[in-house]
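The block underneath contains the structure these notes are about, expressed in structure tokens.
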Amino acid sequence: MPPRILAIGDVHGCDAALEALLAVVRVQPEDTVVFLGDLMDHGPGSKEVMAKLIELKRLCKVVYIMGNHEELMRDAISGRGSFEMWERVGGKATMESYGGDIEAIPPDHIRALLSAQPFWETDTEIFVHACLEPEVALSNQTRDWLRWKHLGGSERPHRSGKRVICGHTAQTDGYPLVFTGWVCLDTFCLGGKYLSCLDVGQNEVYQASQSGDLRQFPLSKFS
């Protein structure tokens, strides 16, 4: 099997969905797995999701993009942000997965969180959590666009000409949002729909729900 780039949308602590999805795609050592951010918060298994990311790093290349929930968690546990605000927007479930004690978060989980990067690009794609300002160079994008701005569905392609693969904007029908220059893979797993993985080279989508439902289809279904 040739090396693959596998992009995974917002997990939000849905550990069972992630386990089922990874079992289907069968990650190989030569693959690159790109997590598009928001691994934690809301769902029951943020601790387990972070442990799986660390486990995958021992198997293959893993790219971890910082989402707005990574930013909130990082700032809350470092004291730079509001712990109470983070708990209100999903962090309470994350803390419960760690036993309710910030001191119980393993150091390797904190190191993994701090390793999250603002974006990642290849010759043909840009991977980002939330969105990009279309006419602005990648190096000049702001944290608001990278981690907080929602995708409207009518944005122009990025000036680079590369396809942007993102999450953050929940697609409540459970299917990716696809339009010229853009693919959004937040398919509302936390709301009972699906966690999505895109095989970037083959444009094939694999999905798993927290309850174990699976499905697969070509991205061209939405073109």
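Please tell me if Pro44 is over 15 Å from the mean Cα position of the chain (by Cα) and either of a type in the set (Ser, Thr, Tyr) or under 24 Å from Lys193 (Cα atoms) (or both). Spelling it out, Pro44 is indeed over 15 Å from the mean Cα position of the chain (by Cα) and either of a type in the set (Ser, Thr, Tyr) or under 24 Å from Lys193 (Cα atoms) (or both). From the list Phe127, Phe222, Phe188, Phe119, the lone residue that is of a type outside the set (D, E, K, R) and over 14 Å from the mean Cα position of the chain (by Cα) is Phe222. Of all residues in the range 160-189, those satisfying the criterion of being out of contact with any helix residue (DSSP H, G or I) (no Cβ under 9 Å at 6 or more places or on another chain) and open to solvent by 60 Å² or more (accessible area, probe 1.4 Å) are Gly161, Asp173, Thr180.
Of all residues in the range 190-206, those satisfying the criterion of being in contact with a strand residue (DSSP E or B) (Cβ under 8 Å, 6 or more places away or on another chain), surrounded by 19 or more Cβ atoms within 10 Å (Cβ to Cβ) and part of a loop (DSSP other than H, G, I, E, B) are Tyr194, Val200.
The values are calculated or read from the model by the stated rules, or taken from the named source; none is laboratory data. On a predicted model such as this, the values are computed, not experimentally measured, just so you know. Cβ atoms come from the backbone with ideal geometry, glycine included; neighbour counts cover every protein chain shown. These area figures cover heavy atoms from the full protein model, side chains too; ligands, DNA and RNA do not enter into them. Shrake-Rupley method; radii C 1.70, N 1.55, O 1.52, S 1.80 Å.
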